[in-house]
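To start, the structure under review is shown below, and the notes come after it.
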Amino acid sequence: MLKINAIKTRRKTRSIRLGKLFIGSEYPIVLQSMTNTDTRDVEKTLAQIRELEEVGCEIVRLAVIDEDAAQAIKKIRLETKIPLVADIHFDYRLALTCLKNGIDGLRINPGNIGGIREIDTLVSAAKDLGVPIRIGVNSGSVEKDLLEKFGGPTPEAMVESAMRHVGLLENRNFDQIKLSLKSSSVLDTIIAYRLLAEKCDYPLHIGVTEAGPGYRGVVKSSVGLGILLSEGIGDTLRVSLTANPVEELPVAWELLRSLGLRQRGAELISCPTCGRTELGLIELANLVEKYINEQSQAFLSSDLQAFSIFSNMKIAVMGCVVNGPGEAKEADIGIACGRNKVHIFRKGKIFHVLRNEEIKNEIIIGLLKEETALCIK
Ligand code: SF4
């Protein structure tokens, strides 16, 4: 029988090294975010980096806007192990300071940092230290002559702009390159990455920029990134939201899980609720989600095997006797809420029945923890 895969094989890329991570088609897709604290405020920035790590961020980008921010990198680097990328515009001297201060990666466009001498100096410093450079072309940063040639910041213009910057690095025998092309238009982003994917074999960082707050950003990012990932394009990614960056990671992880690419913690299946819903199911589902996140983090820092088993589990929270028991039975752990009765399943069998006053969220979560431990054993 013909087997149809929903996801194409990853586009083949060369590999680059970013701190302790390797990036490219030989390695898992890596999740990135960006701090929105003032990088010069070391304590606040470190606090946000730790929050980002807790929700599964694997690369942190920081804006380096002046010499003080470049100097702050030294202290930040000493206090965290996560790979750090300095985002720098125009001033190659800031990039040199960041390199001296232990930065793992640079996000800078070599065509915008000065003349031949400046590019030579920066590229040779990055090469000596084995630090990769991400070239990031946004629709707003396309050069004037390309805007005229293509009649605006079209996907073709963005790709040509990116390849110009690539040329500046390749001419200096530098190949530790990652590329990104971002537009606030989802369709332009998709077309641009498709074109770029055919032009080179460097790893690609994918994202939809300026996607917006809340549901708007989530939908635009999910559609854009989901389509690219399903075509095998993308080696690192960021879901950009106009929000606390910590909110980006759960979306990014769910996106990868829904495409079967990576998981972090158990899958939560919960019914949308309707007129048949018997209990405060929305509150219970939120508590189960909180439990999954906390438990994932705990396993990650203590027991990687348990983390891996937990990440392949399904936990179902269902609101009535119609679909509830069926769905709950299919999951590793199922909570099926009926009238004055809650059934808790493990691997399809009922292990607990709560009645009337026993039906309390803290009791249900307590039993969920017990059942998780039994599944992991
Ligand atoms: Fe409604 Fe039951 Fe379906 Fe939940 S599982 S949406 S309560 S029918």
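Averaging the Cα positions of each part gives two centres, and for region 132-206 and region 1-69 these lie 19 Å apart.
Distance between the C-alpha centres of region 288-309 and region 315-373: 20 Å, rounded to the whole angstrom. A simple spin-label model places the labels of D128 and F90 2.7 nm from each other, with each point 7 Å out along Cα-to-Cβ.
Under the classification rounded if a/c is under 1.5, otherwise prolate if a/b is larger than b/c and oblate if not, where does region 186-235 fall, given a ≥ b ≥ c as square roots of the Cα gyration tensor eigenvalues? Prolate. For the chain, what does the alpha-carbon gyration tensor say about shape, rounded, prolate or oblate, given a ≥ b ≥ c as the root eigenvalues, a/c under 1.5 as rounded, and a/b over b/c as prolate? Prolate. Between L259 and R164, full extension at 0.36 nm per residue minus the direct alpha carbon distance yields a gain of 30.9 nm. A simple rule links phi to the HN-Hα coupling: the Karplus curve 6.51 cos²θ - 1.76 cosθ + 1.60 with θ = phi - 60°, which for region 354-362 gives 9, 10, 6, 5, 6, 7, 9, 4, 5 Hz, with x for Gly and Pro. For K74, the lysines whose Cα comes closer than 16 Å to its Cα, not counting residues fewer than 8 places off in the same chain, are K44, K100.
Electrostatic bookkeeping for G212 treats Lys and Arg as +1 and Asp and Glu as -1; over the other residues with beta carbon under 13 Å from its beta carbon, the sum is -1. Taking θ as phi - 60° and the Karplus parameters 6.51, -1.76 and 1.60, the scalar couplings of region 21-31 work out to 9, 10, 10, x, 5, 7, 10, x, 5, 10, 9 Hz in sequence order, x denoting glycine and proline. Computed from Cα atoms, the angle from the helix 42-54 axis to the main principal axis of the chain rounds to 50 degrees. Modelled spin-label separation between I269 and L304, with each label point placed 7 Å from Cα along the Cα-to-Cβ direction: 3.0 nm.
Here the Gaussian network model covers the chain, with springs between Cα atoms less than 10 Å apart; of E51, E170, E148, E148 fluctuates the most. The charge dipole of the chain, taken about the Cα centre with unit charges on the Cβ atoms of Lys, Arg (+1) and Asp, Glu (-1), comes to about 960 debye, rounded to the nearest 20.
Can you tell me the relative contact order of the chain? Whole percent, Cα pairs under 8 Å, sequence separation 6 or more. It would help to have the intermediate numbers written out before the result.
On the way: 727 pairs, mean separation 48.0, N = 377.
About 13 percent, as a whole number.
Principal axis analysis of the Cα atoms in region 267-376 yields extents of 40, 24, 23 Å, listed in decreasing size. By the helix-only formula, in which each DSSP H run with n ≥ 4 contributes -39500 (n - 2.57) and the sum is divided by residues, the chain has a 222 nm mean residue ellipticity of -14000 deg cm²/dmol. Karplus-derived 3J(HN,Hα) values for region 174-179, using 6.51 cos²θ - 1.76 cosθ + 1.60 with θ = phi - 60°, are 9, 10, 7, 10, 10, 10 Hz; glycine and proline are entered as x.
Hey, got the dipole for region 16-206? About the Cα centre, +1 on K and R Cβ, -1 on D and E Cβ, debye to the nearest 20? Mind dumping the intermediate values first?
Numbers: 24 positive and 28 negative charges, 65 e Å.
The dipole of region 16-206 has a size of about 300 debye.
Determine the relative contact order of region 267-376: mean sequence separation of Cα pairs under 8 Å and six or more apart, normalised by residue count, in whole percent. Taking the mean separation of contacting Cα pairs over the length of region 267-376, I get 22 percent.
In this structure, the amide hydrogen of I206, modeled 1.01 Å from its nitrogen in the peptide plane, lies closer than 5 angstrom to those of D235, T236, L237, R238, counting only residues at least 5 positions away or on a different chain.
What FRET efficiency comes out for the pair V321/A243, r = Cβ-Cβ distance, R0 = 45 Å, nearest 0.05?
Working: r = 38 Å, r/R0 = 0.85.
E(calc), rounded to 0.05, equals 0.75.
Net length available on complete extension from R50 to E156 is 34.3 nm, with 0.36 nm assigned per residue and the Cα-Cα distance removed. In this label model, Y27 and R339 are separated by 5.7 nm, measuring between points 7 Å along each Cα→Cβ vector.
Provide the three semi-axes, in whole Å and in decreasing order, of the ellipsoid equivalent to region 16-206 as defined by the square roots of 5 times the Cα gyration tensor eigenvalues. Could you put the intermediate results ahead of the total?
Values: eigenvalues 138, 72, 52 Å².
They are 26, 19, 16 Å, listed largest first.
Can you work out the PRE-style zone for E198? Point 7 Å along Cα to Cβ, and I want the residues of region 135-156 with backbone N under 16 Å. Those under the cut-off are 155-156.
What does the charge dipole of region 267-376 about its Cα centre add up to, to the nearest 20 debye, if the Cβ of each Lys and Arg holds +1 and the Cβ of each Asp and Glu holds -1? Before the final figure, lay out each step's value.
Working: 12 positive and 14 negative charges, 77 e Å.
Roughly 380 debye for region 267-376.
Hand me the tally of lysine pairs in region 267-376: alpha carbons under 18 angstrom apart, and the pair either on different chains or 8 or more positions apart. Value for region 267-376: 16.
Helix 67-79 and the longest principal axis of the C-alpha atoms of the chain enclose an angle of approximately 40°.
Pull out a ≥ b ≥ c, the square roots of the eigenvalues of the alpha-carbon gyration tensor of region 1-124, then state rounded if a/c is under 1.5, prolate if not and a/b is larger than b/c, and oblate in the remaining case. Oblate.
Every number here is computed from the coordinates shown, using simple stated rules; none is lab data. Every value quoted in this text rests on a predicted model; they were computed, and no experiment measured them. Because the Cβ atoms are built from the backbone with ideal geometry, glycine has one as well, and the counts that use them run over all protein chains shown.
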